[in-house]
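To start, the structure under review is shown below, and the notes come after it.
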Amino acid sequence: MLESILEEFSIKETNAGAHNGRQTIPTPGELITSFSPVDGQEIASTCFVNKDTYDAIIANAVLAFQEWNAVPAPKRGDIIRQIGALLREEKESLGKLVSYEMGKSLQEGLGEVQEMIDICDFAVGLSRQLHGSTMHSERANHRMYEQWHPLGVVGIISAFNFPVAVWSWNAMIAMVCGNVCVWKPSEKTPLTAQACLHIIQKVFEKNNVRPGVCNLIQGDKEVGAWMAADTRINLISATGSTKMGKAVNLAVANRLGKCLLELGGNNAIIISKDADLNMSLIGAVFGAVGTAGQRCTSTRRLIIHEDVYDDFVSKLKSAYQQLKVGNPLEAENHLGPLIDKDAVINYLHAIEEIKKEGGKFIVEGGELEGNKYASGCYVKPCIAEVENNYAIVQKETFAPILYLIRYKKLEEAIALQNDVPQGLSSAIMTLNLREAELFLSAKGADCGIANVNIGTSGAEIGGAFGGEKETGGGRESGSDAWKSYMRRQTNTINYGNNLPLAQGIKFDF
Ligand code: UN1
């Protein structure tokens, strides 16, 4: 099955070089092999770029921008429409590859490709709506308006956990806005990126679009640092840890470049005494164990009202007993492995920290052993009762560890929800209108995403995605997030016979 998928996306052919659109530029770069966390098997290898190849790719992207930005936006939209159509055809194969290389369930792998298709549709509509406003001038016979122009080269640094969808939010919107893209995927998921490029370049070839409009460079944080410092890259959009985001932000600020950051979350669901507990259970369990707790929107904390605490915790325990961990390509399993053995070490370390700080496990964690788990990347989803101020609770651990905290009053619950360095996603489960509205008000959740009677993860592409504080402040995907990929220009036109100055200034000579 996999062989034919690798062949379909020409993955074996590209081993020898960096992928710069259609051309494969030979590179003496280091070879990187992708191993599946599902079964520990080697999938295929690809090459890191070296500095010369990197420079050649960026120079080529700069040239490609000159052509691409001259293509009318609706025509660019038509190219994106065709990418969406091809993704529909390839959904099954790409979804499987995502699931096998990253380790998320097949259903989630397919869901990820669906997000790509949806963002293509969104971008097509946007291609006729990249509009600015018109203002009234204070001067007679003058017209004032604003318009949006593309930025140039957009560098996209993406994470392993959503190896293709988050890239597509950035790339499809950036390209429809008239930019060209350079993508550095996570070195943990290089092959799904290769597959995406294959799909894009097929469409480009058919339409005579220069391959340099969409580029792939494989590499680790050194390549990320080249990008962050590169004045030829007009915007860096980076998704990943807060540590990575801070380093990128500093380097980009040093050259006064533009940055769009989507970093860590530490997302909580408040479960009110007026919650529908059965609905809350689905939201909480999916949020905590879906994608093995490796979404930036994963539910890390449950803040539960004391009146329903015991009842809800017993429901949680019984749900956790029914969870099936195993090969994510088998539909019966709820969750697959963590991305690699380092992630398992982090998870085990976090468990130690929780215990050291006084946390009490009500569902025990640990590594899973046995034939089914031979890759060494499978762990048990676990639950601990903690205090919100534990150092470990304040951090994002990318694993299925769920924290429980009790509360008495909603104001206290909101304060707990906000009292972490991150601000991505948040939720309240309540049937009480007053509680829901308070949670959504300016006195409520301080996150970029705040939901009522929905968990913290699984945002739709139509909204702006991102968060506050250490989450980085960027917004991607839907709504007017496209504006981050364009530069605003204010234009004033004088169609009169004289030149009055603004602010009433007279300048006669
Ligand atoms: C991420 O984890 O980086 O809201 C993105 C969600 C997905 C996107 C997550 N639609 O969970």
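Observations on the model:
- Verdict on Ala159 being outside any helix (DSSP H, G or I), within 16 Å of the ligand (Cβ to nearest atom) and of a type in the set (Gly, Ala, Ser): yes
- Filter result (under 27 Å from Pro37 (Cβ atoms), open to solvent by 10 Å² or more (accessible area, probe 1.4 Å), more than 11 Å from the ligand (Cβ to nearest atom) and in a helix (DSSP H, G or I)) within the stretch 162-202: His198
Residue-by-condition table, conditions (1) farther than 19 Å from Ala288 by Cβ; (2) free of Cβ contacts under 8 Å to residues at least 24 places away in the same chain; (3) within 16 Å of the ligand (Cβ to nearest atom); (4) open to solvent by 30 Å² or more (accessible area, probe 1.4 Å):
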residue	(1), (2), (3), (4)
Ala415	yes, yes, no, yes
Val420	no, no, no, no
Leu431	yes, no, no, yes
Ala450	no, no, yes, yes
Gly458	no, no, yes, yes
Gly467	no, no, yes, no
Arg475	yes, no, yes, yes
Tyr485	yes, no, no, no
Thr490	yes, no, no, yes
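- Residue check, Ile233 more than 19 Å from Arg487 (Cβ to Cβ), out of contact with any Cys (no Cβ under 8 Å at 6 or more places or on another chain) and open to solvent by less than 10 Å² (accessible area, probe 1.4 Å): no
- Taken over the stretch 218-235, the criterion of being modelled with pLDDT of 95 or more, in contact with a Lys or Arg (Cβ under 7 Å, 6 or more places away or on another chain) and not in a helix (DSSP H, G or I) is satisfied by Thr231, Asn234, Leu235.
- The stretch 216-230 residues that are closer than 23 Å to Ile199 by Cβ, paired with ones that are open to solvent by less than 50 Å² (accessible area, probe 1.4 Å) and hydroxyl-bearing (Ser, Thr, Tyr) (beta carbon under 7 Å, 6 or more apart): Ile217/Tyr54; Gln218/Thr46; Val223/Tyr54
- Within the stretch 308-349, being hydroxyl-bearing (Ser, Thr, Tyr), open to solvent by less than 30 Å² (accessible area, probe 1.4 Å) and either closer than 25 Å to Lys96 by Cα or over 25 Å from the mean Cα position of the chain (by Cα) (or both) holds for Tyr309, Tyr320.
- For the stretch 494-502, the condition holds for no residue, the condition being that it is open to solvent by less than 30 Å² (accessible area, probe 1.4 Å) and within 11 Å of the ligand (Cβ to nearest atom).
Residue-by-condition table, conditions (1) exposed (fewer than 13 other Cβ atoms within 10 Å of the Cβ); (2) over 25 Å from Ser10 (Cα atoms); (3) under 23 Å from the mean Cα position of the chain (by Cα):
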{"position": "Ala73", "(1), (2), (3)": "no, yes, no"}
{"position": "Gly77", "(1), (2), (3)": "no, yes, yes"}
{"position": "Leu86", "(1), (2), (3)": "no, no, yes"}
{"position": "Lys91", "(1), (2), (3)": "no, no, yes"}
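- Checklist (1) open to solvent by 10 Å² or more (accessible area, probe 1.4 Å); (2) of a type in the set (A, V, I, L, M, F, W, C); (3) over 20 Å from Lys188 (Cβ atoms) applied to Ala374, failing item: (3)
- Residue among Glu369, Glu364, Glu357, Glu352 that alone is under 24 Å from Gln417 (Cβ atoms) and open to solvent by 10 Å² or more (accessible area, probe 1.4 Å): Glu357
- Selection over the stretch 277-305 of residues that are away from the ligand (no atom under 11 Å from the Cβ), open to solvent by 10 Å² or more (accessible area, probe 1.4 Å) and basic (Lys, Arg) gives a count of 0.
- Residue that is hydrophobic (A, V, I, L, M, F, W, C) and either in a helix (DSSP H, G or I) or open to solvent by 20 Å² or more (accessible area, probe 1.4 Å) (or both), where the choices are Ala268, Ala238, Ala251: Ala251
- Some residue of the stretch 260-276 being more than 16 Å from the ligand (Cβ to nearest atom), out of contact with any Phe, Trp or Tyr (no Cβ under 9 Å at 6 or more places or on another chain) and of a type in the set (A, V, I, L, M, F, W, C): no
- Complete set of residues in the stretch 391-404 that are within 18 Å of Gly287 (Cα to Cα) and buried (at least 20 other Cβ atoms within 10 Å of the Cβ): Val393, Glu396, Thr397, Phe398, Ala399, Pro400, Ile401, Leu402, Tyr403, Leu404
- Screening the stretch 45-88 for residues that are outside any helix (DSSP H, G or I) and in contact (Cβ under 8 Å) with a residue 12 or more places away in the chain and picking the one that is farthest from Ile119 (Cα to Cα) gives Asn50.
The values are calculated or read from the model by the stated rules, or taken from the named source; none is laboratory data. Here the structure is a predicted model, which is why all the values come from computation and not from measurement. FYI the Cβ positions are ideal-geometry reconstructions off the backbone, even for glycines, and counts take in every protein chain you see. Side chains included, ligands, DNA and RNA excluded: accessible areas come from the protein's heavy atoms. Shrake-Rupley method; radii C 1.70, N 1.55, O 1.52, S 1.80 Å.
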